[in-house]
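Working notes, beginning with the structure itself.
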Amino acid sequence: MKKVSVVIPAYNCGRLIGQTISSILAQTYSNFELLIIDDGSTDNTRAVIQSFNDERVKYFYQENHGGPSRARNKGIEESTGDYIFIFDSDDLMRNEKIELSVKAMEENPDADILFTRFSLVDEENKILREDYLKEYLTLSNLINTQHIDDNAYYIKANELLPAVVKSNFIGTSSVMLRSSALAESDRFDESLKNADDRLFWIRFSAKHSGIFLNAVLHDYRVVNSGITGQGMLKKGPNKISALEKAKLVCSGKELIGLLDKEIANNYLAMSRESKNKKDKKSQRIYAIKSIHHCPNFKAIKLFISSLL
């Protein structure tokens, strides 16, 4: 049985997943299994994965779900490790990520989720931003530092939840979970095609304390064909659904108000995108929904312009 399980959902990522796998196999920590769940790829993803002659690489195939949530859940269910890393198929692990993460978690037995800093890279591996979280003041205030110092910061659940609601600073590929802390209900929402990770972090942080490892330990890749590159008309409905569900684990008007404001901003972006597509009906509908969740001048302007 391996100490660590790394779970990767994969869909039509044959062009880049080889680099991802190589970065994981090159870790300074070797006692891990790499579970790759192919979500019905139609390109050469399977061939690239199976070209790696390493017993730690385990390949699973399933019919396409349309999003990573079901594949992530499959990976969790098949995992045997004490710790589970959630990783994306186009990101890159830095060499000491697993070693440092395991060390930090074992030194903090009361923490059940760990996350780190990360960089932003393009499809050619050019670094666009060395520290993606540098400007996230909510995180900086939470750990009381803006410097990268390799320290691990313990964060109680009652501090982590409001921070995660206020600002989405947990990068999916930075996360490691303590498997013994996962209940059967601690799974990614399979009704969502995107934003299932954000919802999971909010739900989990409502009950569990965490560790922030203050080091850049993976490279988050921006791919135009991926979820990140999709417009809000496609991403927005799932993001909004996730935020509505997140409200169910939040108590107090402040946190719910923050989520309503974010929902309003998502509807605002959808209204603006509809305007660019000259779809006045959708522009008006989304503007009204934005105003309903949190009255704002920009949505009012979009609503008025949809009537002209």
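The values are calculated or read from the model by the stated rules, or taken from the named source; none is laboratory data. Quantities reported herein were computed from a predicted structural model and do not represent experimental measurements. Using ideal geometry, Cβ is built from the backbone for each residue, glycine included, and neighbour counts are taken over all protein chains shown. Just so you know, the surface numbers come from the protein's heavy atoms only, side chains and all, with ligands and any DNA or RNA stripped out. Shrake-Rupley method; radii C 1.70, N 1.55, O 1.52, S 1.80 Å.
Figures for the structure shown
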{"item": "Ratio of Rg to Rh over region 81-219 (Cα coordinates, Kirkwood Rh, two decimals)", "result": "0.93"}
{"item": "Per residue, in Å², the accessible surface of region 237-307 once ligands and nucleic acids are set aside, probe 1.4 Å", "result": "58"}
{"item": "Quotient of Cα Rg and 2.2 N^0.38 Å for region 1-118, N being how many residues it contains", "result": "1.02"}
{"item": "Order of exposure, largest accessible area first, which applies to 218, 293 with probe 1.4 Å", "result": "293, 218"}
{"item": "Peptide ranges 174-181, 209-216 listed from the most packed, as the mean C-beta count within 10 angstrom indicates", "result": "209-216, 174-181"}
{"item": "72, 56, 15, ranked by accessible area, largest first (probe 1.4 Å)", "result": "15, 56, 72"}
{"item": "Over the chain: helical MRE at 222 nm, DSSP H runs n ≥ 4 each giving -39500 (n - 2.57), nearest 500", "result": "-12500 deg cm²/dmol"}
{"item": "Positive dipole terminus of the chain, leading residue within 155, 51, 263 (C-beta point charges)", "result": "263"}
{"item": "Long-range HN-HN contacts of residue 123 with modeled amide H, under 5 Å", "result": "none"}
{"item": "For region 202-308, convex hull volume per residue from C-alpha positions, Å³", "result": "133"}
{"item": "Values of log10 I(q)/I(0), in the order q = 0.06, 0.10 Å⁻¹, for the chain under a Debye, Cα-only, solvent-free model", "result": "-0.21, -0.57"}
{"item": "Residue of 186, 219, 39 that the Gaussian network model of the chain assigns the largest fluctuation, springs spanning Cα pairs under 10 Å", "result": "186"}
{"item": "Helix 69-78 axis, angle to the chain major axis (alpha carbon atoms, nearest 10°)", "result": "20"}
{"item": "Built amide H within the under 5 Å cut-off of residue 209, gap 5+", "result": "112, 157"}
{"item": "Value in Å of the Kirkwood radius, where region 99-151 supplies the Cα pairs that are averaged", "result": "12.9"}
{"item": "Sites matching GluC sites (Glu not before Pro) across region 71-155 that sit in DSSP coil, with at most 12 neighbouring C-beta atoms within 10 Å", "result": "107, 124, 135"}
{"item": "Placed amide H near residue 153: partners under 5 Å, 5+ positions off or other chain", "result": "212, 213, 214"}
{"item": "On Cα atoms only, tilt of 232-246 relative to the major axis of the chain in degrees", "result": "80"}
{"item": "Cα long-axis angle, helix 157-166 against the chain (0 to 90 degrees, to the nearest 10)", "result": "50"}
{"item": "Entries of 156/193; 97/239; 245/298; 235/275; 58/235; 207/234 with Cα pairs more than 20 Å apart", "result": "156/193; 97/239; 245/298; 58/235; 207/234"}
